[in-house]
Amino acid sequence: MKENDVEKHKIKLLQLRSELEMLEKSFKESNETVVLDQTRMGRLSRMDAMQAQQMALESDRRRQQQLLKIEGALHRIETDDYGYCFICDEEIDIRRLAADPTSTRCLECVEK
């Protein structure tokens, strides 16, 4: 893989990390416990609020996983291991990395 390709992926990964960190900060500021006061809201409203809270928590979990993948990819860039399959050690297709810069396996190994 060319050095400028690696640099482009690094920039993309840093931008993704920044966006995810901003979303996480926003989530933490707005995340509140659902109040189960039956005098203030109806049963369906409480169910909707609890469902929305669970969906927000799942989104946060996925953001955390994506941040871990990004950190792993940035570490691989620093150690010159970026762009190589964890399984067969062959170079990962540049188009696959363009679609997902955190990819750790080539298409052949993923299909196995």
- Message: Could you give each residue of region 79-85 its phi-based ³J(HN,Hα) in whole Hz, using Karplus coefficients 6.51, -1.76, 1.60 with θ = phi - 60°, and x for Gly or Pro?
- Response: 9, 6, 9, 5, x, 10, 5
- CD proxy at 222 nm, helix term only [per DSSP H run n ≥ 4: -39500 (n - 2.57); per residue of the chain; nearest 500]: -23000 deg cm²/dmol
- Item | Proximal lysines to K69, defined as alpha-carbon separation beneath 18 angstrom and excluding residues fewer than eight positions away on the same chain | K8, K10, K12
- Note on the structure: Amide H proximity to Y84 below 5 Å, modelled H, separation 5+ or other chain, gives I92
- Query: Quick one, which of [x] 16.5; [y] 15.0; [z] 16.9 is the actual Kirkwood radius over Cα pairs in Å calculated for this model?
  - Reply: [x]
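Throughout, read-outs are computed from the coordinates displayed, never taken from laboratory work. This one's a predicted model, so the numbers in the text were calculated from it and none came from an experiment.
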